[in-house]
Amino acid sequence: VNVPEDGYISYIDNWDPEWKAYMNGELKPVEKLFSTFKSVRVPKGTSKVVFSYEPAILGVSGWPFN
């Protein structure tokens, strides 16, 4: 994304605690938008944002599905 000021990018899909967000390769908190969607705060400028669904499978986490 390339934004003129600080703001948010949202993924309009139901929020789940196993969704992760990475900005420029760094893990960022995923916030709730309207109590149901996913949103991540982005700073002014250009950033690469990746939403990744990473469920714990049989007690093992860290298997990305994006």
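For the reader, a short list of remarks on this structure follows.
- Excluding exposed DSSP-loop trypsin sites (Lys or Arg not before Pro) (at most 13 other C-beta within 10 Å), longest clean stretch of the chain: 1-43
- In straight-distance terms, cross-link reach from K44 covers every one of the aspartates and glutamates whose alpha-carbon lies under 13 Å from its own, apart from those fewer than eight places away in the same chain; here that gives E5, D6.
- The base-10 log of I(q)/I(0) for the stretch 1-58, evaluated at q = 0.21, 0.29 Å⁻¹, reads -0.77, -1.23 [Debye formula, identical scatterers on Cα atoms, solvent excluded].
- Per-residue extension of 0.36 nm, minus the Cα-Cα distance of K44 and Y11, leaves a gain of 10.0 nm for this segment.
- Only aspartates and glutamates eight or more places from K38 in sequence, or on another chain, were considered; those with a Cα closer than 12 Å are D13, D16, E18.
Every number in this text was worked out from the coordinates using simple rules, so none of it is lab data. None of the values given here were measured: they were computed from a predicted structure. In this analysis, Cβ positions are derived from the backbone assuming ideal geometry, glycine residues included, and neighbour counts consider all displayed protein chains.
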